[in-house]
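A quick write-up on the structure given underneath.
The values are calculated or read from the model by the stated rules, or taken from the named source; none is laboratory data. Given the structure is predicted, the values throughout are model-derived calculations rather than measurements. Every residue, glycine as well, gets a Cβ built from its backbone with ideal geometry; the counts of neighbours run over all protein chains shown. The area values use the complete protein model at the heavy-atom level, side chains included, leaving out ligands, DNA and RNA. Shrake-Rupley method; radii C 1.70, N 1.55, O 1.52, S 1.80 Å.
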Amino acid sequence: MEWLVVVLDFIGQQILNVPAYLIGIITAIGLIALRRPTGKVIGGALKAALGFLILGAGAGVVVASLTPLGDLILEVTGAQGVIPTNEVITAIASEEYGATSAYILVLGFLAMLALARFTPLKYIFLTGHHMVFMALLLSVVLTVGFGEELSWLVVIVGAVLLGVIMVVMPAFAHPWTKKITGDDTIAIGHFGTAGYIAAGAAGQLVGRRSRSTEEIRFPQGLSFLRDSMVATAISMVLIYLVFAIWGLIALPETAMEILGGDDAGAAIMAAFGQALQFGVGVAVILFGVRTVLGELVPAFQGIAEKVVPGAKPALDIPIVFPFGANAVLIGFLASFAGGLVSLLLLATWLSPLFGLALILPGMVPHFFTGGGAGVYGNATGGRLGAVVGGFVNGVIITILPAILLLVLGELGLANSTFGDADFGWFGTLVGVSVLAPTPVGVALCLGIAVVLVVAASVFQVRFVDRGWTPGRRRDELLAAEEPAAAR
């Protein structure tokens, strides 16, 4: 059986863990199902894979430009605590739980396909690295709860839970996703979905008459800010320079070490360069998204016709960034603010009262999930919705990881935690369930899976399939105001 572990580990870590390969394979399958010529299949698959690699390259540039800023903020503010990082806890846990998570990953993918085929939840989750993160979270929690001697049970229950979460979350978010994209061709496959739904709902509550972030009108002298890439770069320049100057005043040697440069002038220019790199990264992400969609969506029609009729690809959160470039920046900043406020709340009340760890705001999760939340909030509540939606997301990805860390501590794992919203609430539910005796824990875990599938199926049939549109009343109000404004 050792060879099977090796094969499954290779599939899980080297193929399913690489979104570009997975997207390329899925595109090729779709084009083959559409009976396209061999050249078209190869070209389409490569172009889709290259598009995702371009997206990843842009994300890498963004992460590299945000890391010094995050380090600088922590140094100058003196904040102490845990920064939730999916990659870090995955790297730590994979040494002990890697084989189990490989089984869960592959069987969970098959469970997802079965659910998509035989339930109303026609979504194919294609964000490979998030599959790996969730598979590892489930393998850790279930193994600690059930025991290593019941590894077969861990794999079965983990695969069911992974398959379920990969089809239900795109369904719950889909009315807001359709509102953003304007059609029904793609869904969101990212485990920050609870934050996006909350952002869309918050935007619907607060932004009944607020105009879209993409309609922001600048004075003639500031007309260059209409270009979202320029506006993003300038905003990051201002943020970077504020903290660079603060750092050089408060901790000059530390600031110069973080930013690079032998003197204050070099450090300032390094900060300026990193801010511009952020703008470059965002522009690359948007280009990668357009490339992927241009190949994947048509090819996916073949899969929908042959394998899972009516299936929709559920893709990573940057896929919505082109639909609200200004909202991405607003949501990011608002999410970071929400993280800071939540950190203060943890330090003054929740930590002393409930023993929750202090969760420091990481720039990377707040950019990607906060930016997505800004787009969702903008779709239903305009500018005000983007701000409030991003802020709500920031609160969620601070409080939920703290609760998850508390549960992981009960299981003997208190060093780090996962960051995005769905890891928090889903991992906590599963973690609390396995604290019970094994038979009860298994029943609770399977009960969670059944409840989620039933609830998502009902939601899909009653709301998604019937065309419910969040924020429709706001759209009607704004449409009515346009003729009046014209007169």
(Q) Please state the shape class of region 419-467: rounded when a/c is under 1.5, otherwise prolate if a/b exceeds b/c and oblate if not, all from the C-alpha gyration tensor. (A) oblate
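How large a share of the accessible area of the chain, in percent, is made up of carbon and sulfur atoms when the probe is 1.4 Å and the other protein chains stay in place? Show your work: numbers first, answer last.
Values: 13390 of 20000 Å².
Reported share for carbon and sulfur atoms: 67 percent.
Output the peptides 385-396, 344-355, 44-55 sorted from most to least packed, where packing is the average of other Cβ atoms within 10 Å over each peptide's residues. Could the numbers behind the result be given before it?
On the way: 385-396: 30.1, 344-355: 13.0, 44-55: 22.2.
Result, highest mean Cβ count within 10 Å first: 385-396, 44-55, 344-355.
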Q. Across 5 Å bins from the origin, how do the percents of Cα pairs in region 349-487 run, short distances first?
A. 2, 9, 12, 13, 15, 15, 12, 9, 5, 3, 2, 1, 1, 0, 0
Q. Considering amide H positions built from the backbone, and no H for Pro or chain starts, which residues 5 or more places from residue 124, or on another chain, come under 5 Å of its amide H?
A. 312, 314
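Within the chain, which whole H helices from DSSP have a Cα span along their axis of at least 27 Å and a mean Kyte-Doolittle hydropathy of 1.0 or more, if any?
Values: long enough: 38-77 (57 Å, 1.40); 86-118 (36 Å, 1.09); 151-181 (42 Å, 1.53); 228-250 (33 Å, 2.21); 264-306 (62 Å, 1.21); 325-345 (30 Å, 2.01); 363-410 (42 Å, 1.21); 438-459 (31 Å, 2.45).
Going by DSSP H runs, the hits are 38-77, 86-118, 151-181, 228-250, 264-306, 325-345, 363-410, 438-459.
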Q. Using only the Cα atoms, what convex hull volume per residue in Å³ does region 240-294 have?
A. 70
Q: Note down the accessible area of residue 117, probe 1.4 Å, to the nearest 10 Å².
A: 100
Q: For an R0 of 56 angstrom, estimate the FRET efficiency from the Cβ-Cβ distance between residue 345 and residue 40 and round to the nearest 0.05.
A: 0.55
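Keeping every protein chain in place, order 214, 2 by accessible area at 1.4 Å, biggest value first, i.e. largest first.
Numbers: 214 80, 2 155 Å².
Accessible-area ranking of 214, 2, largest first: 2, 214.
With a 1.4 Å probe and all protein chains in place, put 476, 96 in order of accessible area, largest first. All intermediate terms of the calculation are to be shown ahead of the outcome.
On the way: 476 95, 96 120 Å².
Largest accessible area first, the residues go 96, 476.
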Q) What share of Cα pairs, in percent, lie more than 44 angstrom apart in the chain? A) 13
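State whether region 129-183 is rounded, prolate or oblate according to the following rule on the C-alpha gyration tensor (a ≥ b ≥ c being the square roots of its eigenvalues): a/c under 1.5 gives rounded; otherwise a/b larger than b/c gives prolate, and the remaining case gives oblate.
On the way: a/c = 4.44, a/b = 3.30, b/c = 1.35.
Here region 129-183 falls in the prolate category.
Please find the FRET efficiency linking residue 480 to residue 184, where r is the Cβ-Cβ separation and R0 is fixed at 35 Å, and quote it to the nearest 0.05.
Values: r = 26 Å, r/R0 = 0.76.
About 0.85, to the nearest 0.05.
Just reorder 138, 406, 241 by solvent-accessible area, largest first, 1.4 Å probe, all chains present.
On the way: 138 5, 406 75, 241 45 Å².
Ranking 138, 406, 241 by accessible area, largest first, yields 406, 241, 138.
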**Q.** Area accessible to solvent at residue 245, 1.4 Å probe radius, in Å²
**A.** 90
(Q) Let's test the formula: R0 of 22 Å, r as the Cβ-Cβ distance of residue 149 and residue 114. What FRET efficiency results, to the nearest 0.05? (A) 0.20
